[in-house]
Amino acid sequence: MRTGSGPFRFSGHESFACRYAWLPKAYRAIMCDPGMFFDDERSMVELGIGKNMVRSLRFWMDTMGVATVSDDRSHKPTEFGDAVLAKGGLDPYLEDERTLWLLHWNVSSRANPMLFAWAHMLSEWPYPEFTRTEALESFRRRSTSLGHDHSDVTLAQHFDVFLHTYIGTRGSKVAVEDSLDGPLVGLNLIVPAGERRNVGGRWDTVYAFRREPKPDITDNLFEYCVRDFWDRQASGEATLSLRTIATASGSPGQVFKLTEDDVRQRLEAISRRPSASLRYQPSAVQGMVFREGAAPALKSVYGD
């Protein structure tokens, strides 16, 4: 099973967090012209945005699982992209919160290579809260331990893109275009939680991961993500431990910031359904999960 040791990606987003309208726009663009994003000038004209934004949009389209690059320098929609964003699809305008959690899942667990900030903050960061100063110091140490020589500017830009993916900019003193929040802000996965002084004596905003139960992550959605994680990371294993599903790098428990007790309760609830693809077996030592048949289809996430 992948442990989060890399390889990681630190750039490519051009310092822009994903905007709300970008993914539907990108999907429609490649359906009309699969090679559009390999021609910056054509993309700028067709999409009405600057070169750096074009490249950022392409980055997020790839990273959030909407499309993949073909050998002929073109984009092909993924199963997720077609199922969700096609005309008449499951959620073409990103109006369903389950879609937003799936996008978060894609960027936090499925991206290959993984984005460093997502892997580090969601799966490696050991505390319930953080400040920008604390996170950047940890970024420097971890980057160095991986053998990289990233500048402070690169690490800061990467962290800020991560943060602004989940923290809105409305009310901030930024340009109008930069104030347009992205689709994952509404998840409230990361929330401001006060201030504290850093080592230099300046006040830093404290951010906290929202770890309470999240009923908007339905059992269908959770089951889909558990099986997706299992089939990608431990396909040869007949069982997985509760702790792996709750705490392993890129696991549903870590990516969704759920407690181990919440994960256990969800697995128990899923196990009681006759059609479940998972069966949880409690134990005094360590609960175990067994696979039951085929993994659920993506459209099952949107079932009642």
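The values are calculated or read from the model by the stated rules, or taken from the named source; none is laboratory data. Note that the structure is a prediction, hence the values are computed from the model and not measured. Because the Cβ atoms are built from the backbone with ideal geometry, glycine has one as well, and the counts that use them run over all protein chains shown.
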Which residue is nearest to Gly89 (Cα to Cα), if the candidates are limited to region 263-304 and must be in a helix (DSSP H, G or I) and polar (S, T, N, Q)? Ser300
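Among the helices (runs of 4 or more DSSP H) contained in region 1-112, which hold 2 or more residues that are surrounded by fewer than 17 Cβ atoms within 10 Å (Cβ to Cβ), assigned by TED's automatic domain parsing to the domain that holds Ser145 and of a type in the set (A, V, I, L, M)?
Details: elements: 22-32, 40-47, 51-63, 79-85, 97-105.
Of the helices (runs of 4 or more DSSP H) lying wholly inside region 1-112, those with at least 2 residues that are surrounded by fewer than 17 Cβ atoms within 10 Å (Cβ to Cβ), assigned by TED's automatic domain parsing to the domain that holds Ser145 and of a type in the set (A, V, I, L, M) span 40-47.
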Applying the selection to region 135-157, what residues are in a helix (DSSP H, G or I) and without any contact (Cβ under 8 Å) to a residue 12 or more places away in the chain? Glu137, Arg141, Thr144, Ser145, Val153
Read through the list (1) touching a strand residue (DSSP E or B) at 6+ places or on another chain (Cβ under 6 Å); (2) closer than 27 Å to Thr131 by Cα; (3) at pLDDT 95 or above, then give the number of the only condition that Ser271 fails. (2)
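Before we move on, is Ser138 buried (at least 18 other Cβ atoms within 10 Å of the Cβ) and either at negative phi or out of contact with any Ser or Thr (no Cβ under 6 Å at 6 or more places or on another chain) (or both)?
Values: buried (at least 18 other Cβ atoms within 10 Å of the Cβ): yes; either at negative phi or out of contact with any Ser or Thr (no Cβ under 6 Å at 6 or more places or on another chain) (or both): yes.
So Ser138 passes the test.
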Being touching a residue at least 24 places away in the same chain (Cβ under 8 Å), assigned to a helix (DSSP H, G or I) and of a type in the set (Val, Ile, Thr) is the filter here, so list the residues in region 223-262 that pass it. Val226, Thr244, Ile245, Val255
